[in-house]
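The values are calculated or read from the model by the stated rules, or taken from the named source; none is laboratory data. On a predicted model such as this, the values are computed, not experimentally measured, just so you know. Cβ placement follows ideal geometry from the backbone for every residue including glycine, while neighbour counts extend to all protein chains displayed. SASA here: full protein model, heavy atoms, side chains in, ligands and nucleic acids out. Shrake-Rupley method; radii C 1.70, N 1.55, O 1.52, S 1.80 Å.
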Amino acid sequence: WNSHRRSAILGAIPVVGYSAPLLSMITALQFVRNSQRLIDEGYRKYRGGLYRIRLLAHWIVVATDAQAIEDIRKAPPHVLSFGAAQDVFLQTIHTAGPEVVHDRSHVTWIRSELTRCNAARFDALREEMAVALDEQIPLSAGWKAYPVEEVVAHVVCQMSNRLFVGEPLCRNSEYLELAMSFANEFIRDVIIVKSCPEWLKPPVARLLGNARKCAKRVATHLRPVIEQRDAAKRTLDKASASIPDDALQWCLDNATGDARHPANLALRMLWINFGSLHSPTVTLVFALYHLASSPEYMRILREEVDGVFAHEGWSKAALGKMRKLDSFLKEVLRLNPPGIWAQQRLALQPFTFSNGQTIPAGTMLACPVLSLHRDEENYPDANEFRPWRHCESDEAHKNLFVTTKPDFMPFGHGADACPGRFFAAIQMKALLAHIVLTYDVRFEEGRRMPERRFVAGVLLPGKASVEFRQRA
Ligand code: HEM
């Protein structure tokens, strides 16, 4: 009776694409190839209410208006759960393992230590950025083309890992390769496990085990570092400045028992990398595509960055004063959110929105980020890239790009919004400011911004080489 009632309640929510059980799988396949078209279609037809789409493994209900988004934000986690939604989307229990799912200490570290990014951490980040960029885009008087996506991913990964595992591991090419390839290996497992019936998931996940294989290899890099740190700590006074200040050390100091095993710590470091690599990379790639397509953007940003650094020097506070840089990145994120969904939740209990619409327990919920960002009621000329729109008035600038709102949610919204966004802001602003100061940037002759695609809800920027030379 319960399942009948559940279907009846869900059945009242309009569908985008096919709704019949077998035919709806056609929609699910279409969603993999071109997610945005279906989401936009739902938003156009059912804006202000709910609609649903069939994905490969389940239906998803999409909330389209500010009130519904606020309702979701306010719902307690035992009613609408972010963690449970992640378990469904990423099959984390099977693919990442209970160590990662149940021990959320990395989120605590991101929210507290990484977000604070004290002066020493900022200096380390900046030093690593210079080292990585010198290696990836060496200064040259003549123009030279680079595959930006690969270059940016490498620089972002190396910078972040300076604060995750410290030197010298953050410069070890095999470690970085593993950290960068983890996401692909992991997602491959997720897709296969998701397509299995529930009873088959555990053995299939064990058989594939790509996350664990990757962690095993990372553990061989971590083991000597951990041994060295433990040995050094035994001989050092606790307050000594030479105790490393990174995520690994934090985990070592706080973890007990099995959680301290190198393979488990490796999995945790990879998990942090999984959250911190794709989105900043994609955002910076689009920022560079926009810079390469308009010398005017470069001129305006350069004027601001030159001016602030001339007075303040390099610091986190100086980056905070660059209003145009903030607005530019915010506009990039508005039109190119790395993920098509935000505020994903699994209803653990039936939930009723303020407009009276109800969803049954077991329903997956999400918000259509790009559709909200391209709504003319939220942003005039919503499809136009207008990089300074978020700093045109003091009022506009109150909402920095880390501020989440129902009309700006690349990071989600509310208590479960991305905990890494404050660090991402520092990292992306530092990188863009450095690039603006150091290089001229343009597309290769006859090239322009490539076509982008959302595949299974994830933004792929499209490949293009961008040319760099030392600032003339
Ligand atoms: C442009 C940069 C970034 C974007 C757009 C982004 C976006 C997101 C989104 C949409 C979520 C899910 C929130 C929700 O749906 O309600 C999320 C979660 C998360 N993000 Fe980010 N993120 C970015 C950078 C980072 C960075 C740099 C880190 C780490 C240093 C990070 C770590 C995480 C973690 C750990 C979670 C899961 C939180 C949890 O389990 O409670 N993110 N992010």
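Summary table below
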{"item": "Taking N as its residue count, the alpha carbon Rg of segment 160-306 over 2.2 N^0.38 Å", "result": "1.35"}
{"item": "Label-to-label distance, nm, for residues given as L22 and A310 (7 Å Cα→Cβ offset)", "result": "7.2 nm"}
{"item": "Loop-resident sites, segment 154-263, for trypsin sites (Lys or Arg not before Pro), counting at most 10 other Cβ within 10 Å (DSSP)", "result": "K238"}
{"item": "Convex hull of Cα atoms in segment 257-404, direction-averaged projection (nm²)", "result": "13.9 nm²"}
{"item": "Point-to-point label distance, V204-K463, nm (Cα→Cβ direction, 7 Å offset)", "result": "2.9 nm"}
{"item": "Relative contact order (%) - the chain, alpha-carbon pairs under 8 angstrom, separation at least six", "result": "24 percent"}
{"item": "Pairs from K45/K74; K74/K324; K74/K429; K324/K405; K144/K463; K144/K429 whose Cα-Cα separation, in the structure shown, is over 28 Å", "result": "K74/K324; K74/K429"}
{"item": "19 Å Cα-Cα reach of K201 towards aspartates and glutamates, excluding residues that sit fewer than 8 places from it in its own chain", "result": "D87, E99, E185, D189"}
{"item": "Length gained when the stretch K144-Q228 is fully extended (0.36 nm per residue, less Cα-Cα span)", "result": "26.1 nm"}
{"item": "Where trypsin sites (Lys or Arg not before Pro) fall in DSSP loop in segment 416-470, at most 15 other Cβ within 10 Å", "result": "R447, R448, K463"}
{"item": "Fraction of alpha-carbon pairs over 12 Å apart in segment 93-138 - percent", "result": "71 percent"}
{"item": "Rounded percent of accessible protein surface that carbon and sulfur make up, segment 220-294, 1.4 Å probe", "result": "53 percent"}
{"item": "Cα gyration tensor shape of segment 114-155, rounded if a/c is under 1.5, else prolate or oblate by comparing a/b with b/c", "result": "prolate"}
{"item": "Separation in nanometres of the label points that stand 7 Å from Cα toward Cβ, at R299 and A120", "result": "4.5 nm"}
{"item": "Cα gyration tensor, the chain - rounded (a/c under 1.5), prolate or oblate", "result": "oblate"}
{"item": "Surface per residue (accessible, 1.4 Å probe) for the chain, Å²", "result": "44 Å²"}
{"item": "Residues of segment 188-217 with amide N under 15 Å of the 7 Å Cα→Cβ point at H261", "result": "212-217"}
{"item": "Loop-resident sites, segment 282-333, for GluC sites (Glu not before Pro), counting at most 13 other Cβ within 10 Å (DSSP)", "result": "none"}
{"item": "Rh (Kirkwood; distinct C-alpha pairs) - segment 412-472, Å", "result": "14.6 Å"}
{"item": "Largest-first principal axis extents of the Cα set of segment 175-254 (Å)", "result": "54, 25, 17"}
{"item": "Helix-derived mean residue ellipticity, 222 nm - over the chain, DSSP H n ≥ 4, -39500 (n - 2.57), to 500", "result": "-17000 deg cm²/dmol"}
{"item": "Theoretical FRET efficiency, 1/(1+(r/R0)^6), r = Cβ-Cβ of R47 and S112, R0 45 Å, to 0.05", "result": "0.70"}
